[in-house]
Structures are given as C-alpha cells and as structure tokens.
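Taking it in order: structure first as structure tokens, then the write-up.
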Amino acid sequence: MTALRIANKPELLARTLTMLSETVERYDLFADQMEVVNNPQAAEIFRWLEQKQRERTQVVQDLSEGLALPHIPPWDYHWDDAINIEVPGHASAHYMMTPYHTLTLAIDVEQSAADLFDNIERDTELPEVRKLAHGFAREANAFCDYLKQKREHYPLPQAGWDEDEDPPQFLE
Amino acid sequence: MENANSCPSLKPNEYKSGTKPVWCPGCGDYSVLLSITKAMSELNLEPENVALVSGIGCSSRLPAYLNVYGFHAVHGRALPVATGLKVSRPDLTVLAAGGDGDGFSIGGNHFMHACRRNVDMTYIVMDNQVYGMTKGQASPTTDPDWDKSKLTPDGTKINPYYPLVIALASGANFIARASSTDPNGAAKVLVDAIRHPGFSFVHMLSPCVTFRPEQKEWKKMVRPAPVEPTTDAAVAAKRLMTDDNFFLGTLYKGNRPAYQPELKSTVEHLSELEQGFIL
C-alpha cells in the first residue's frame, strides 16, 4: 500500500478497516497459537494487542457510520504477508518467542502503518483524506511509542533464545 | 482495481468453522486457509454449495477449519472422492486439498488421472517438500541433496517430481502457482482457478517452519511470473520445464471442455441405492 493514491474518504476508511480487522484476527490467531504451545506470556500480550486493535477498529467503524464504503478485493491490498508491514504476517510468530519479540512485532506493524498513513497524507490532494490520514498516522505513532515503553520492561532476548532442548525434530 | 464481486455477502472469516487450527506457529497453511476464505468470499459462494475434500497430512486438516461441507479422505485419495462428488453433484463448487506427499506420492496416480479426466474442480496442493506430520521425511518434491532426515542422511539422490509439468502433460486445464507468503495474491489465483472450467491445479508454496526452517527464505525467492497465462500447451510446456519453482501466477489456461457424464439415474431413497450392492 505504500505508493497508494486514495480516491476519497470512504476508500481510506475501507482500507483502514480491513487493515485493522485483519490485524485483530492475526493477533487472536497468534494468541491461540501461543496458548497451544504453552507460551502464556506471549499469549497474554497477543490477547492484549487484539483487544487494543479491536477498540481502534470500533473507532474507525464509528467514523464510517452512514458512509457507503467501497468493496476492495484482497489483491488490491499490496501488503506482503512475509514481513511485518501494516498487518503482521502469519510467519511472524515463533513458538518460543518472548514478550520482547511479541512487542517488537507489534511495534513494526504500528511503524509501518504510521509510515503508510504519512505517505497517504503527503500524496493526497483531498483535504478530508489528508486530515483523516494525519489523524491515523498520529494515532499509530502514539501507540508505537507506548509499545516501545512497554517493551522496556522486558529483557532483550539472549542469543540462542530459540534453541529448543527438546526439539520437534525427532525421528526414532 | 478488478472486482471479482462487487459486494460479497459473507466476509472471509464467516467461512471459517469455530475449530482452531493446530498447525505450528509460522506454518504457511494458516495463510492458505485465509486465502481460500478470501477467494470464496470474493466469489460470493454460499457455504452450503461448496465442498472441500482433503487427504491426510498437516494441510489436509483444512476441512475442519472451514464452514463448508468437508470430507477428510484416506491418504492420497482426495481426488477420487472429489471427482465422484463433482460428477454426481455438478451444482457444487468442489475443491480438493492436501500436501505434496499426499498428492504426488500416495495419491500420485490419482493426480495424473484427475488431470486427464478434467472434471470441473480445483486442486490445491500445499507443497512444503517434506512429510511434516510424520516428523520430517523427504517427499516427492524434496531436493535430492536435502540430508536433514535420518531416513535419507545423504539426501535422496533422486530428482524431485515436477508437479506442474506432470499436470500439463496429463491434461490439467488450468495450472498456477501461488505462495502462502502472499495470501492476497494467492486469493486471486484461487478465484481464477475456481472460475476456470475443468480441472484446475494450484501449486501452493507453503513453508514448513518446523522441519524445513530454511524455507522461510522462500519469501525472498518468490516473484510474479513475467508472462501472461497461455492457452498454448507447447508454450506452457517450455515455460514449466524451465521454471525455477518460484514464479507465481497463472501459467496455463487450457480450453478443453470439462468432463461431466450424463447422470443416468436419480435415487430418491437411500434404500434404492443399497439395492445395487446386495449380493
């Protein structure tokens, strides 16, 4: 979505809603995964992130009230699932990830979302799109800063954090 | 922007069942599940008019996670079950799914003949070049020098199977490759595959992060094929024979008519069907 020209306010709202709702689903999925692999610390943070994103989604839904939002097919969203841009990729989770990793993942998502809205704000000639994109960028930046502060409470993972003494590769 | 559907009546997550997937964190199959639901949403398919048949293996768990009719078949036998279903219920949208071991080894013969028969359905093979559910043995698509399995400590030394080439030679009417690293692009490929008449084969690259962690690098290797889909089998053959396994998109769109035999009888009661099997 980086070199994106937004046609109007409903299009920006539609894209933002899709981005947020997919992020909610992804954090929910990651929380489930971490519960299954008995990583309760990461699961708890993903649940918290899911709830935060759900609240933000509701705000955008309220902003969309009364507007006819366009349907945009999935292939017109150009985010890449492989890296953390705008929506966290499925491959971002690791069963041994620490709270530090979990928050870093979320920081990357927020940072790329903020960059995206900054670009939209810069490129648009429509005042209402510019104003909305500015607000979304400011909000993403603020949440990003908050996540960085929260991450300071957790230690930087040691080298070898993903070394498993009971690895799944077991053929006998 | 190209619309498959101006306004889907169901959102992608409404095609999911309440069952939570138990794949490993980071597994590509999560993303494939998302792509399938996005494609069904874009095509505005009613869940009760869709059936997904799978084989055995990690990826074959898919039917449990979807809110459409599902059949978790025997190992390698997704295609004959799906073929029978589509032939007897041509009104349904029939999808078959599984992994590379299920589809190309245990079910390899069924794969060829399903391509040859050209029944109107879509077969999605999530290829991770390993038997993941049985803890990491070489599969038909594994490179000959992969030596991480204790069963093949020096590698298999056997050339891998080239599913797209086999599909073309056997008569598949639509051949494409997609990647779990790009679920939105994969959704587009699936929409095209489901819409295309006849047997559609989608080779879905889906990394196994547990037994083939090096496959995380696939995200850097996949790229859109720099060609348009061709209807010429000879052009497609050259294209697929020189393919490096990482070109994404629709590579061949044939124009053979789908096979659909005339249904000779209709059965109103199960007891009538049973009559034919009484010895």
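Calculated mean residue ellipticity at 222 nm for chain B: -7500 deg cm²/dmol, from DSSP H runs with n ≥ 4 weighted as -39500 (n - 2.57), summed, divided by the residue count and rounded to 500. Note on B:Lys264: lysines with a C-alpha under 19 Å away, same-chain residues under 8 apart excluded, are B:Lys86. Comparing A:Leu156, A:Leu29, A:Leu147 in a Gaussian network model of chain A where C-alpha atoms under 10 Å apart are linked, the largest mean-square fluctuation is found at A:Leu156. Comparing the full protein assembly with the isolated chain, the residues of segment B:162-207 losing at least 50 square angstrom of accessible surface (1.4 Å probe) are B:Asn184. If you count the DSSP beta bridges with both ends in the protein assembly as shown, what percent of them are antiparallel, to the nearest 5? Here the share of antiparallel DSSP bridges comes out near 15 percent. Assuming a ≥ b ≥ c are the square roots of the Cα gyration tensor eigenvalues, decide whether segment B:201-270 counts as rounded (a/c under 1.5), prolate (otherwise, with a/b larger than b/c) or oblate. Oblate is the answer for segment B:201-270, as a/c is 1.5 or above yet b/c matches or exceeds a/b. Taking Cα centre as origin and charging only the Cβ of basic (Lys, Arg, +1) and acidic (Asp, Glu, -1) residues, the dipole magnitude of segment B:161-279 rounds to 580 debye. A simple charge model with +1 on the Cβ of Lys and Arg, -1 on the Cβ of Asp and Glu and nothing else charged puts the dipole of segment A:1-116 at about 180 debye relative to its Cα centre. For A:His78 and A:Lys131, the difference between the fully extended length at 0.36 nm per residue and the C-alpha to C-alpha distance is 16.8 nm.
Toward the positive end of the charge dipole of chain A, with +1 on the Cβ of Lys and Arg and -1 on the Cβ of Asp and Glu, the farthest Cα among A:Met34, A:Leu49, A:Leu63 is that of A:Leu63. Solvent-accessible surface, computed for protein heavy atoms with a probe of 1.4 Å, shrinks by 40 Å² or more for the following residues of segment A:139-170 when the other protein chains are added to the isolated chain: A:Pro168, A:Gln169. Whole-Hz Karplus values for segment A:45-50 come out as 5, 5, 4, 5, 4, 4 Hz, taken residue by residue from phi with 6.51 cos²θ - 1.76 cosθ + 1.60 and θ = phi - 60°; glycine and proline positions read x. Full extension of the segment from A:Gln58 to A:Asp164, taken as 0.36 nm per residue of separation minus the current Cα-Cα distance, would add 34.2 nm. Taking the centroid of alpha carbons for each part, segment B:205-272 and segment B:105-158 are 15 Å apart. Using a Gaussian network model of chain B whose springs link C-alpha atoms within less than 10 Å, name the residue from B:Thr230, B:Thr266, B:Thr156 with the highest mean-square fluctuation. Among B:Thr230, B:Thr266, B:Thr156, the largest mean-square fluctuation in the Gaussian network model of chain B belongs to B:Thr266. Net charge dipole, segment B:18-277: roughly 380 debye, given to the nearest 20, about the Cα centre with Cβ charges of +1 for Lys and Arg and -1 for Asp and Glu. Element breakdown for the protein assembly as shown at a 1.4 angstrom probe: carbon and sulfur atoms account for 54% of the accessible area. Placing a label point 7 Å from the Cα of B:Asp244 along the Cα-to-Cβ direction, the residues of segment B:216-232 whose backbone N falls under 11 Å from that point are B:221-223. Ignoring ligands, DNA and RNA and using a 1.4 Å probe, state the total buried accessible area between A and B in Å², rounded to the nearest 100. Counting protein atoms only, the buried area is about 2700 Å². If the cut-off is a Cα-Cα distance under 17 Å, which aspartates and glutamates reach B:Lys238, setting aside same-chain residues fewer than 8 apart in sequence? Answer for B:Lys238, where 17 Å is the Cα cut-off: B:Glu228, listed by chain and number.
Residue by residue, segment B:46-55 carries 3J(HN,Hα) couplings of 7, x, 6, 10, 10, 10, 10, 10, 10, x Hz when phi is fed to the Karplus relation 6.51 cos²θ - 1.76 cosθ + 1.60 (θ = phi - 60°); x denotes Gly or Pro. Please list the non-local residues whose amide H lies under 5 Å from the amide H of B:Ala97, H modeled 1.01 Å from N, same-chain partners needing a gap of 5 or more. Residues meeting the amide H criterion: B:Val53, B:Ser54, B:Gly55, B:Ile124. The HN-Hα couplings worked out from phi for segment B:192-206 by the Karplus form 6.51 cos²θ - 1.76 cosθ + 1.60 (θ = phi - 60°) are 5, 5, 5, 5, 6, x, x, 7, 10, 10, 10, 7, 9, 6, 9 Hz, whole numbers, x standing for Gly and Pro. Think of a 1.4 Å ball rolled over the protein heavy atoms: chain A then has 50 Å² of accessible area per residue. Note that chain B presents 45 Å² accessible area per residue, ligands and nucleic acids not counted, probe 1.4 Å. Computed from label points 7 Å out along Cα-Cβ, the spacing between B:Glu46 and B:Asp154 is 6.0 nm. Based on DSSP H segments of at least four residues, each scored -39500 (n - 2.57), chain A has a per-residue ellipticity at 222 nm of -21000 deg cm²/dmol.
Less than 5 angstrom separates the built amide H of B:Asp127 from those of B:Met204, B:Leu205, B:Ser206, all sequence-distant by 5 or more or on a different chain.
Using Cα atoms only, what is the angle between the long axis of helix B:108-117 and the major principal axis of chain B, expressed in degrees (0 to 90) to the nearest 10? On a 0 to 90 degree scale, this one is about 50. Note on A:Glu152 and B:Val165: their simple-model spin labels are 5.9 nm apart, each label 7 Å out from Cα toward Cβ.
If you run the Gaussian network model on chain B, springs between alpha carbon atoms under 10 Å, then out of B:Asp192, B:Asp145, B:Asp29 the most flexible one is B:Asp145.
The values are calculated or read from the model by the stated rules, or taken from the named source; none is laboratory data. Here the structure is a predicted model, which means the values were calculated and not measured. So basically every Cβ, Gly included, is an ideal-geometry build from the backbone, and we count neighbours across all protein chains shown. Remember, those area values only see protein heavy atoms, side chains included, never the ligands or the DNA or RNA. Shrake-Rupley method; radii C 1.70, N 1.55, O 1.52, S 1.80 Å.
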